[in-house]
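These notes concern the structure reproduced below.
What follows is calculated from the coordinates using simple rules that are stated; it is not laboratory data. Since the structure is predicted, the reported quantities are computational estimates derived from the model, not experimental observations. Ideal geometry is used to build each Cβ from the backbone, glycine not excepted, and the neighbour counts take in all protein chains shown.
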Amino acid sequence: MSSKITKVILDTDPGADDIFALLWLISLSLQGITEITAITTVGGNVTAESTFWAAHKVLKLLNITGIEIGRSASRIAGNIRDAAHIHGQDGMGNLSDSLPEVTQPDKDIFAQARRADEIIIEQLSQFPGEIDLIAIGPLTNLATAEIKKPGILRQARSIVIMGGAFDCPGNVTPEAEFNIAFDPQAAATVFASHEQIVVLPTDVTNQLVLTPAMLTYITKATTTSKLALFIQQLGQFMFQTNLAHRETKGVEGCLMHDAATIAYLFYPETLWLQRARVEIETVSKFTQGKTLRDRRHFPKTDPNAFIATQVDSTSLLAALLEDLKYLLTSSTPIL
Ligand SMILES: [Ca+2]
């Protein structure tokens, strides 16, 4: 069976699991399956500046040039603090000092970078109906683009979001998941913009545990490469913080929340989805950022989303492992 090469924009707040999702996407890009048209960074797990540099450093480690990285729009509203306690102050397991140096000309890159919303508007206008917009951080950039140019998000071929918690507890408050709670107004704007939003909530992503054995499997053929070392150290860092913060229910491993979006686009057989109308709580003192859907059996005429409700985590993680292994062992000159 053949398939055409798709275009994607990755909107991301790296973030260690963001980095695994980005590496997966890069592998698929090197395999000729997709083309990354831009990476737009957003403040969330760590500051806007740190997420930008984390994305920049990952591309630099891989010697990849030619993919524009946008810097975050300003958070619209929200009072959740960042997640540096999980991801490290630099969003990459405090490993940034061990990665290729940011050289003098590089240092101005952040100041000179275009804003993410500008890039999203430009790309979706230029390639209407062609781009899969993958959002694995707070929805600030997507919302800002929509506010600046109403209707622009409809130009995406799909909008695939990691976020929300429907039938499980939140991970930053009793009811809310981080990406939505960090900028709930932005999330509400995005969910009001489109009728076909795909949502990968923690209900399914909590099942995606990368274990030490999996990490060893990915890197064992290339243990001396810089990328293998980085992946090993990033994983080890995340195993510790995920355990310490009880993310994995005592299992040594780390959650691959963001990778679920990549699976939806490229390995859709690993997920089951339910049509629904998703609303975002934006005003409540206790449940701000909660994602809601109406489960009552009344006729409904205005669904806006497909929510993932089940995942074949074994097959999804197997696909992730093989593609990361490909990234490490392929003979492509950039590595
Ligand atoms: Ca993220």
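Quote the Stokes-Einstein diffusion coefficient, in whole µm² s⁻¹, for segment 39-145, based on the Kirkwood radius over alpha carbon pairs, a temperature of 25 °C and a viscosity of 0.890 mPa s.
Taking Rh from Cα pairs, D becomes 168 µm²/s.
Once you charge only the Cβ atoms, +1 for Lys and Arg and -1 for Asp and Glu, what is the size of the charge dipole of segment 6-329 about its Cα centre, to the nearest 20 debye?
Roughly 280 debye, rounded to the nearest 20.
Would you work out which of P303, Y267, P14 lies farthest towards the positive end of the dipole of the chain? Charges go on Cβ: Lys and Arg +1, Asp and Glu -1.
Of the candidates, P303 comes out farthest on the positive side.
Let me know the longest stretch in the chain that avoids all trypsin sites (Lys or Arg not before Pro) found in a DSSP loop with at most 10 other C-beta atoms within 10 Å.
The reported range is 82-245.
Can you give me the angle between helix 313-329 and the longest principal axis of the chain, using Cα atoms only, in degrees from 0 to 90, rounded to the nearest 10?
Once rounded, the angle reads 40 degrees.
Using a ≥ b ≥ c from the Cα gyration tensor of the chain (square roots of the eigenvalues), is it rounded, prolate or oblate, where a/c under 1.5 gives rounded and otherwise the larger of a/b and b/c decides, a/b for prolate?
rounded
From Cα pairs below 8 angstrom and at least 6 apart in sequence, can you work out the relative contact order of the chain, rounded to a whole percent?
Relative contact order of the chain: 19 percent.
Please list, or write none, the aspartates and glutamates whose alpha carbon is within less than 13 Å of the alpha carbon of K220, excluding same-chain residues fewer than 8 places away.
Answer for K220, where 13 Å is the Cα cut-off: E322, listed by chain and number.
Can you tell me the relative contact order of segment 1-67? Whole percent, Cα pairs under 8 Å, sequence separation 6 or more.
The value is 38 percent.
Express the relative contact order of segment 43-161 as a whole percentage, based on alpha carbon pairs under 8 Å and six or more residues apart in sequence.
Reported relative contact order: 29 percent.
I'd like to know how segment 240-320 sits against the 2.2 N^0.38 Å rule of thumb: what's its Cα Rg over that expected value?
1.38
Whole angstrom only: what separates the Cα centroid of segment 163-186 from the Cα centroid of segment 250-311?
10 Å
Which one of L133, A77, V172 is farthest out on the positive end of the charge dipole of segment 34-186, using unit charges on Cβ (Lys, Arg +1; Asp, Glu -1) and the Cα centre as origin?
In segment 34-186, that residue is A77.
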